[in-house]
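Notes for the one structure printed next.
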Amino acid sequence: MKRRSIIAANWKMNGNLSLITEMIIGLNEVQLAENVDVVVCPSFPYLATFSHLAQTENLQQSIHLGSQNVSEQKSGAYTGEISTDMLKECAVQYVIVGHSERRSIYKETSSLVAQKVTQVLDAGLTPILCVGESESERENEQTNAVLSAQLQPVIDSIGIEKFKDVVIAYEPVWAIGTGKTASPEMAQETHRFIREFLALNSSDIAAKVSLLYGGSVNAANCETLFAQPDIDGGLIGGASLKVDEFKIICSTTKG
Ligand code: PEP
């Protein structure tokens with residue numbers, strides 16, 4: 001079965017209204033391969049504007065809107081939080097969950113991440129579940145143990161079958177925003193490990209899950225990274241804020 005390729009833009013706490021407009025107009029010019037989906041994840045205040053402009057500009061169907069986070073709660077007295085229902089009203093389809101910045105700065109645990117994945121799936125949205133090791137964990141050969149410990153609570157919480165609706169982004173923490181990209185071989189080896197880990201529960205599901213690589217992906221390195229057999233696209237931070245570079249990444253992706 002051919003997996004879909006996904007290019008997701010994580011704008012983090014960057015961008016503004018004019019970038020939203022420029023990106024929508026720019027992405028509408030990109031010739032995307034048939035099997036490729038693009039997801040743009042701006043900050044919460046821009047989601048409704050993005051979906052409104054996407055409609056008025058008649059944005060191509062394979063470009064979707066994503067959010068960078070969500071509450072694990074359905075609704076209620078959680079000041080400052082955003083629910084899946086609110087995201088759906090803004091036409092959001094994908095939600096980044098467990099980004100390393102959420103895990104390290106905001107102390108999100110793997111069990112909280114698992115609750116968020118559950119909430120996102122229950123709402124009929126697609127989680128982009130981020131996992132990845134720190135530099136010292138890689139140096140100490142703990143990468144596979146760290147990834148297993150991040151994935152297992154989600155498997156325990158939702159069950160392996162539901163992973164058919166989950167996208168996983170492998171993002172080595174040492175490669176995020178640093179300009180240090182994992183080599184294509186290293187990234188492939190870790191992606192293969194993730195797929196094999198899922199296959200311990202179901203080889204059928206493991207073969208279907210789209211696995212994205214994230215960590216200093218740019219227009220110059222994306223082609224070799226995405227050509228690896230277990231890499232099905234990327235989660236792009238810095239380079240997704242530059243419309244022309246992001247367009248190249250999207251159009252280079254073969255699907
Ligand atoms: C990210 O924030 O998910 C990311 C991969 O950032 P960058 O591409 O800037 O390394």
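Of note:
- In this structure the amide hydrogen of residue 6, modeled in the peptide plane, comes within under 5 Å of the amide hydrogens of 37, 233, 234, none closer than 5 places in sequence on its chain.
- Across the chain, the volume of the C-alpha convex hull divided among the residues equals 115 Å³ per residue.
- Between residue 156 and residue 122, the FRET efficiency from the beta-carbon distance, with R0 = 22 Å, is close to 0.85.
- Pair residue 22, residue 164: separation of 7 Å Cα→Cβ label points (nm): 4.2 nm
- Carbon plus sulfur fraction of accessible area for the chain, probe 1.4 Å, in percent: 50 percent
- If R0 is taken as 30 Å, the Cβ-Cβ distance between residue 29 and residue 2 corresponds to a FRET efficiency of 0.70.
- Relative contact order of the chain, pairs being alpha-carbon contacts under 8 Å that are 6 or more residues apart, as %: 23 percent
- For the chain, accessible area per residue (1.4 Å probe, heavy atoms of protein chains only), Å²: 44 Å²
- 222 nm mean residue ellipticity, helices alone, for the chain (DSSP H n ≥ 4; -39,500 (n - 2.57); rounded to 500): -11500 deg cm²/dmol
- The stretch between residue 91 and residue 224 holds 44.6 nm of extra length on full extension. This uses 0.36 nm per residue minus the Cα-Cα distance.
- The string of couplings for region 157-162 from the Karplus curve (6.51, -1.76, 1.60, θ = phi - 60°) is 7, 9, x, 5, 4, 6 Hz, one whole number per residue in order, with x for Gly and Pro.
- Highest mean packing comes first when the peptides 186-194, 51-59 are listed by Cβ atoms within 10 Å, giving 186-194, 51-59.
- Here the Karplus curve 6.51 cos²θ - 1.76 cosθ + 1.60, taken at θ = phi - 60°, turns the phi angles of region 205-212 into couplings of 5, 4, 6, 9, 6, 6, 10, 9 Hz, with x standing for Gly and Pro.
The values are calculated or read from the model by the stated rules, or taken from the named source; none is laboratory data. The shown structure was predicted, so the numbers you read here are calculated from the model rather than taken from an experiment. A quick note on method: Cβ atoms are made from the backbone with ideal geometry, for glycine too, and the neighbour counts reach across all protein chains shown. Heads up: the accessible areas ignore ligands, DNA and RNA and are worked out on the full protein's heavy atoms, side chains in. Shrake-Rupley method; radii C 1.70, N 1.55, O 1.52, S 1.80 Å.
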